Amino acid sequence: MPGKTVPEEAAPGKTVPEEAVPGKTVPGKTVPEETTVPEETQAAAPGDLQEHFEATIARGARIEPRDWMPDAYRATLVRQIAQHAHSEIIGMQPEGNWITRAPSLRRKAILLAKVQDEAGHGLYLYSACETLGASREELTSLLLAGRQKYSSIFNYPALSYADVGTIGWLVDGAAICNQVPLCRTSYGPYGRAMIRICKEESFHQRQGYELLMTMMRGTGEQRAMVQESVNRFWWPSLMMFGPPDADSPNSARSMAWGIKRNGNDELRQRFVDMTVPQAEALGVTLPDPGLRWNAERESYDFGEPDWSEFTAVLRGEGPCNAQRLAHRRRAHADGAWVREAALAFAGKTALATAGADHD
Amino acid sequence: MSYEAPASDHGDHDSPYEGLFGGDSDHWAFGTDFDDPLAGIEAAIPDGADPRALAQYCLMLGDDALVLSHRLSQWCGRAPELELDIALANIALDLLGQARLLLARAASADPSVVPPLPGSSDGLPSPVPAEDALAFFRDDRAYRNAWLAEAPNGDFGQTVARILLFATARLALLERLRASRDAVLAAVAAKGVRELAYHRDFAARWFVTLAQGTEESRGRVTAGLAEVWRHHDELFRAHPVERELAGAGVAVDPADVAGEADAALATVLAASDLPWPRVPQAGQLGGRSGRDGAHTEALSPLLAEMQSVARAHPRGRW
C-alpha cells in the first residue's frame, strides 16, 4: 500500500498549510515545532555527544535507538514516521472500499491481501516510532484529533475498480520513489522498516499495473475506465512528492540529518521518467499536454501541478478528508470495548499466574 | 515486454521497478497467481459417485467458505486493533482460497452448474473463468451455503462467536474429508484442516478473552453467541446429497461430526464459564434451508454488492 512518505506534508506539525504554497508568504505563520524544542535541551547536551552524533551522520552510519540524538532530530523522525504509519492506515480505506465488489475471486484475494499488507506496514512503522519513545496509542490519538497528518492522496476517492489498479501503479509507484531512498535513512529502525515495506510496495505496484494491463485487453468500456482513472490520479500523484524544493522549508535540515536523501523535485522527475514508458506500454495517455522528452536533459519535461489544490487538500478541503477521519474514529470507538476486555483479561491472567507462583 | 529502469547510481534498493514486468512470483499471496489451482491433482470422478451430486456437494462446501469470507472481508479497515484487522483478513483469505478450489471442482465435475454467459458477436466464448461465473453470475437461489455463513456480522463479539461455531464444525468435517475417495476433495480438506485449526484457535482464544474480560465484553459475546447459535443445528443436518455421497465414501455426513464439534465447543464454553446456549433454532422454509437454495433476507443484498461490478461487465477481463 501506499506508504506515502510525503516529506513536506509530513513536515510541519503545527505549520500552517499555506507555507507549502510556492511563492506565497503567509503572515503570522506558525513556527515549526521542531525548531522550538531543541534550543534549551541542546544547550545542555554535552558537546562530545553532539559531535559523535554529527560524525555518525557524516560518515553515513546509522543512529540506533540507544544512541544520543538531538531532540529536534527525534521529534522530526517521530513526526515523519508517524505520518507515514497513519498514511498506511488511512490508505486502507480507498481501496478497501472495493474489496466487497472485486469482480473476480482472484482480484478479491489480491486486494484483500494488499490492504492487509498496509495494516502490516502501519504496524512496522508504529513499532519504529516506539523505539523513539512514542507509543502507538498516543500517535493514534494525535491522528484522530487531527493533530498529525497523513498523505493527502488518500483524501481523493476511489470511484471505479480501475482505481484499484491506478492506485497500485501511480500512488504506490510515487510512494516507492519517495521511500526507496529512505531505506538508507540515518535512523536504523526506520531504514530497516522501509526495506521491508519497499519490497512489498513494489509488489503491489506490479499487481496494480497488471490489473490495468488486463483491463486494457478487455472491453472498450474497461479501457475507458482505465483512462478516466489515470486522468484523475495523475496530478495528485505528482503532488505526493511535496511542493517544489524552493518552497519546502524543512527539506534542507532533513537532508543535513540524513533523514531525507533527495529533493522533492528530483524525486518527482524520477517518477515521471519511470512512468511515461509504462503509460505507453499500457496504452493510456497521461493528462499533461506539456509532457515531452527533453533530449538535452535526457528527461521528460512536464507541467506544473495545481498547487492551490494541493494546499486546499492539505488544510482539510479535499474531497474525502472528513470521511477518512470519521471512518477511523468510528472504527477506533467501536473497538474500545474489545481493547478494554483484552487488557482486563490479561490483568486477571497475570494475577492468577502471580497467585499460583506464591502458592 | 520489458522496461528498464533508468540507470541509477543509487544503490541496490533503488531499483524497485526492475521486476515490474518480470516473472518473479515469490511474493504473491496464496491464490493470487495465474496457475490452475487444481493442476496436478487427479480430477477423475470416483467410481460410484454421481458427478451432479459431487458438484452440488462442492457448491455447499464452497459457498459456505465464499460467503463467510465475504462477511469477514467487510471487517477490513474496521477491526478493534490492527492485529485483529490482519487476523480477520487472514481467515477471509484462507476461506476464499478454499472456495476457489471447491467452485472450480464443482465446475469440472458438472459443467452444467456454471451459469451461461453471453458470448461475443464474433463467436468468441466468455472470458469469465468458471469459478467467477459461479461466484458472480449465480443467483441467490442457486447458492448452497448454510445460513450461519450469510448472517450479518454484528459486533466483534458476534463475529468471534460465528467463527468459533463455523470453524469448529468445518474442522471436524474436513478432518474426515481428508479420506475422501475424491482426490480433489481430499486435497482441499488436507489444506483446509491446517487453516481451520488456526481459525478455531483464534476464535476460541478471543471468545474466552471477551467472556472473561469486562462485564460489557461478557454481555456482548454472550449475546453474539445466542445470535449465531440459532444456526447451530443446520450445520449438522445432512442434505440428501451429503448422505448419498457419504455412502459412496466421497463426502462426510455432517451429522456424524456433531458430537465431536459439540465437545470442542463445550470446552470453550467451560473455559468461559458460560452455559450451553438454549436458544430456539432458526426454522426452515417449508422444509428447505441453505443447502436447498432457501436463504435468509441477508444473502441477496450481500450478493447484489459482491456481483455488481462483474455483472456490469459480463465480457470484462480482470
*Pick from the stretch B:180-197, criterion without any contact (Cβ under 8 Å) to a residue 40 or more places away in the chain and surrounded by fewer than 21 Cβ atoms within 10 Å (Cβ to Cβ), ranking: nearest to the other protein chains (Cβ to nearest Cβ)*: B:R194
_Meets criteria (without any contact (Cβ under 8 Å) to a residue 12 or more places away in the chain and more than 15 Å from the chain's Cα centre (by Cα)) for A:Q116_ = yes
_Against the definition (open to solvent by 60 Å² or more (accessible area, probe 1.4 Å) and under 20 Å from the mean Cα position of the chain (by Cα)), how does B:A270 come out, yes or no?_
no
*Since A:M240 meets every condition but one in (1) more than 29 Å from A:S308 (Cα to Cα); (2) modelled with pLDDT of 95 or more; (3) among the aliphatic types (A, V, I, L, M), which condition does it not meet?*
(1)
*asked:* Could you check the stretch A:270-286 and list, in sequence order, the residues that are assigned to a helix (DSSP H, G or I), more than 25 Å from the chain's Cα centre (by Cα) and under 13 Å from A:V230 (Cα atoms)?
replied: A:E280, A:L282
_Qualifying residue in the stretch A:263-275 (condition: at pLDDT 95 or above and in contact with a Lys or Arg (Cβ under 8 Å, 6 or more places away or on another chain))_ = no
*Where in the stretch A:114-223 are the helices (runs of 4 or more DSSP H), entirely inside, with at least 3 residues that are within 11 Å of chain B (Cβ to nearest Cβ), among the acidic types (D, E) and farther than 13 Å from A:I81 by Cα?*
A:188-216
*If a residue has to be open to solvent by 10 Å² or more (accessible area, probe 1.4 Å), without any contact (Cβ under 8 Å) to a residue 60 or more places away in the chain and over 15 Å from B:G77 (Cα atoms) to count, how many in the stretch A:79-103 make the cut?*
0
*If you take just the helices (runs of 4 or more DSSP H) that sit entirely in the stretch A:303-358, which of them hold at least 2 residues that are more than 8 Å from chain B (Cβ to nearest Cβ) and among the basic types (K, R)?*
A:321-334
*Examine the stretch B:239-261 for a residue that is within 14 Å of chain A (Cβ to nearest Cβ), open to solvent by 50 Å² or more (accessible area, probe 1.4 Å) and free of Cβ contacts under 8 Å to residues at least 60 places away in the same chain, and state whether such a residue exists.*
no
*Can you tell me which residue among A:A134, A:A128 is farther than 30 Å from A:Y209 by Cβ, open to solvent by less than 10 Å² (accessible area, probe 1.4 Å) and in contact (Cβ under 8 Å) with a residue 40 or more places away in the chain?*
A:A134
*Here are some conditions: (1) under 30 Å from B:P301 (Cβ atoms); (2) assigned to a loop (DSSP other than H, G, I, E, B). A:A109 meets all but one. Which one does it not meet?*
(2)
_Need a quick list: helices (runs of 4 or more DSSP H) entirely within the stretch B:162-259 having at least 3 residues that are out of contact with any strand residue (DSSP E or B) (no Cβ under 7 Å at 6 or more places or on another chain), of a type in the set (K, R) and modelled with pLDDT of 95 or more._
B:183-211
*Mind checking whether some residue in the stretch B:116-123 is free of Cβ contacts under 8 Å to residues at least 60 places away in the same chain, more than 10 Å from every other protein chain (Cβ to nearest Cβ) and among the hydroxyl-bearing types (S, T, Y)?*
yes
*asked:* I'm checking my understanding of the structure. Among residues of the stretch A:223-248 that are among the polar types (S, T, N, Q) and crowded, with 23+ Cβ neighbours inside 10 Å, which one is farthest from the chain's Cα centre (by Cα)?
replied: A:S229
*Between a first residue in the stretch B:297-317 that is touching a residue at least 60 places away in the same chain (Cβ under 8 Å) and a second residue that is open to solvent by 40 Å² or more (accessible area, probe 1.4 Å) and part of a helix (DSSP H, G or I), which pairs have beta carbons less than 7 Å apart while being 6 or more apart in sequence or on different chains?*
B:L299/B:D140; B:S300/B:D140; B:L303/B:D140; B:M306/A:R101
*Please state which one of A:R297, A:R330, A:R315 is modelled with pLDDT under 95 and open to solvent by 30 Å² or more (accessible area, probe 1.4 Å).*
A:R315
*Residues A:W234, A:W307: which one is out of contact with any strand residue (DSSP E or B) (no Cβ under 6 Å at 6 or more places or on another chain), aromatic (F, W, Y) and within 24 Å of A:L182 (Cα to Cα)?*
A:W234
*Would a scan of the stretch A:76-95 turn up a residue that is at the interface with chain B (Cβ under 7 Å from one of its Cβ atoms) and either over 13 Å from A:A193 (Cβ atoms) or among the polar types (S, T, N, Q) (or both)?*
yes
*Can you pull out the residues in the stretch A:54-66 that are touching a helix residue (DSSP H, G or I) at 6+ places or on another chain (Cβ under 7 Å) and surrounded by fewer than 19 Cβ atoms within 10 Å (Cβ to Cβ)?*
A:R62, A:E64, A:P65
*Within the stretch A:167-177, is even one residue buried (at least 23 other Cβ atoms within 10 Å of the Cβ), modelled with pLDDT under 95 and not hydrophobic (A, V, I, L, M, F, W, C)?*
no
*Within the stretch B:52-90, restricting attention to residues that are in a helix (DSSP H, G or I) and of a type in the set (D, E), which residue is most open to solvent (accessible area, probe 1.4 Å)?*
B:E83
*Which of the residues that make up the stretch B:110-133 are in a helix (DSSP H, G or I) and either surrounded by fewer than 19 Cβ atoms within 10 Å (Cβ to Cβ) or more than 19 Å from the chain's Cα centre (by Cα) (or both)?*
B:P111, B:S112, B:A130
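The values are calculated or read from the model by the stated rules, or taken from the named source; none is laboratory data. Here the structure is a predicted model, which is why all the values come from computation and not from measurement. Positions of Cβ are backbone-derived with ideal geometry, glycine not excepted, and every protein chain shown enters the neighbour counts. With ligands, DNA and RNA removed, areas are computed over all heavy atoms of the protein, side chains included. Shrake-Rupley method; radii C 1.70, N 1.55, O 1.52, S 1.80 Å.
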